[in-house]
1. Answer yes if at least one residue in the range 103-111 is exposed (fewer than 15 other Cβ atoms within 10 Å of the Cβ), closer than 22 Å to V51 by Cβ and modelled with pLDDT under 95, and no otherwise.
2. Which numbered condition trips up F118, out of (1) within 19 Å of N7 (Cα to Cα); (2) at pLDDT 95 or above; (3) under 13 Å from the mean Cα position of the chain (by Cα)?
3. Between I36, I59, I13, I55, which is under 12 Å from the mean Cα position of the chain (by Cα), surrounded by fewer than 18 Cβ atoms within 10 Å (Cβ to Cβ) and at pLDDT 95 or above?
4. Take the range 46-61 and flag every residue that is in contact with a Gly (Cβ under 8 Å, 6 or more places away or on another chain) and either in a helix (DSSP H, G or I) or not aliphatic (A, V, I, L, M) (or both).
5. Across the range 81-102, which residue is surrounded by the most Cβ atoms within 10 Å (Cβ to Cβ) among those that are farther than 18 Å from A43 by Cα and aliphatic (A, V, I, L, M)?
6. When you scan the range 62-79, do you find a residue that is assigned to a strand (DSSP E or B), among the hydrophobic types (A, V, I, L, M, F, W, C), crowded, with 16+ Cβ neighbours inside 10 Å and touching a Lys or Arg at 6+ places or on another chain (Cβ under 8 Å), even just one?
Amino acid sequence: MIQASSNKPSILIVEDNHLDILVLKVLLEKYFNLYIVSNGPDALYAAEEFVFDVILTDINLGDPNMDGVVVMKKMRENEKTRDLKIYAVTAYADNIEYLIEQGFNDVLTKPVIKDEIFDILNGSVSSINKNY
């Protein structure tokens, strides 16, 4: 198993939209080690091989057989990743209750807002530099 060498917490981002990736990188890379993948199989592999503090996964990953809900459920079935904080990221605000019921810890809506993402992450990772 590989763990990041920095003291910064690590986040796995599962996102297939390049603009959304750029937004998350701009908001988070100063405070976190980011590992970014664009599909479910790569997310499951990364979660098995690396140590993460938090996972952010888009719901619509462009694969009808493995969307963000399936990724989260497979991670919940894995002993190594079942207790991780896993957050849904979606443009569909009307799905929040459904996503929480499925097993996500919380939901971020797009466009991602700096204060909202840091409010959620501050509750999950104790070592964030609060000067954002």
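1. Taking every residue of the range 103-111 in turn, none turns out to be exposed (fewer than 15 other Cβ atoms within 10 Å of the Cβ), closer than 22 Å to V51 by Cβ and modelled with pLDDT under 95.
2. (2)
3. On the way: I59 fails: surrounded by fewer than 18 Cβ atoms within 10 Å (Cβ to Cβ); I13 fails: surrounded by fewer than 18 Cβ atoms within 10 Å (Cβ to Cβ); I55 fails: surrounded by fewer than 18 Cβ atoms within 10 Å (Cβ to Cβ).
Answer to the selection: I36.
4. T57, D58, N60
5. L99
6. no
The values are calculated or read from the model by the stated rules, or taken from the named source; none is laboratory data. Quantities reported herein were computed from a predicted structural model and do not represent experimental measurements. Note that each Cβ is placed from the backbone with ideal geometry, even for glycine, and that neighbours are counted across all protein chains shown.
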